[in-house]
Amino acid sequence: MTSSFLSALLAELLVIAALGKLLDPRRFREALQTYTALSGLPSAALRVLAAVIGPVELATSALLVVRPSRLVGALTSMILLTSFYLLIARDQRPAFANCGCGGSKEVAAPRHAYLVRNLVLLACNIALLVTVFAESTPSNTTGALVALAAMALPFALVVTELPLILHMFAVDRLNMPAKLDAVRGASAITFHTERRAVESGATP
């Protein structure tokens with residue numbers, strides 16, 4: 001049961017990532033061109049890479065949801081996630097507006113947020129590998145797989161947007177002193193205004 005949930009989570013994430021690449025191939029190709037580790041590749045190789053990764057992610061997601069091929073899918077997704085982690089880690093940019101991995105397109109998120117997200121996904125992938133080896137129960141029914149996929153979808157969507165969420169928390173924490181000062185200033189103004197009103201009302 002645990003492996004079914006983890007495989008559904010990773011499969012849905014891969015589908016989201018693949019759709020982003022397949023629906024906007026030009027944007028994905030532009031994202032690949034900006035990575036330091038890929039800067040030395042010729043343009044023809046980048047075009048092939050951009051055309052292949054999306055279908056590979058879709059195929060991996062299909063392998064993950066079918067129990068007999070789940071181990072192969074888990075190993076393949078581990079390769080994909082590790083490759084993306086190394087690609088981000090070796091890059092020199094402090095933030096990414098277009099990482100090529102799907103999700104929000106408008107807001108740039110810091111590099112460490114993407115690294116944290118990928119570490120979370122790698123941890124899920126490792127847990128999946130462990131449970132696939134450990135579980136010896138018979139195949140789940142179609143209804144159980146559909147239920148598990150539905151349960152995993154919200155987690156998949158949250159993990160997809162994790163860099164943006166982390167970035168929003170960081171920005172909010174950075175701006176918190178100014179916000180507190182503004183609240184204190186507004187409270188002080190309101191207090192003095194009410195005090196003057198009371199004093200003027202008390203004057204005969």
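We did not get these values from a lab; they are worked out from the coordinates using the rules stated. On a predicted model such as this, the values are computed, not experimentally measured, just so you know. Here Cβ is always computed from backbone atoms with ideal geometry, including for glycine, and neighbour counts include all displayed protein chains.
Computed from backbone phi with θ = phi - 60° and the Karplus coefficients 6.51, -1.76 and 1.60, the 3J(HN,Hα) list for the stretch 79-86 is 5, 4, 5, 5, 4, 5, 4, 5 Hz; x is used for glycine and proline.
From a point 7 Å beyond the Cα of ALA89 in the direction of its Cβ, which residues of the stretch 117-132 have a backbone N at a distance under 18 Å? The answer is 117-127, whose backbone nitrogens lie closer than 18 Å to the label point.
Separation between the ALA123 and VAL66 pseudo-spin-labels, each 7 Å from Cα along Cα→Cβ, expressed in nm? Going from the ALA123 label point to the VAL66 one covers 3.2 nm. A crude spin-label estimate for the pair THR36 and LEU19, with each label 7 Å from Cα along the Cβ direction, gives 3.4 nm. Sorted on the mean count of surrounding Cβ atoms within 10 Å across their residues, most packed first, peptides 11-18, 115-122, 57-64 read 11-18, 57-64, 115-122.
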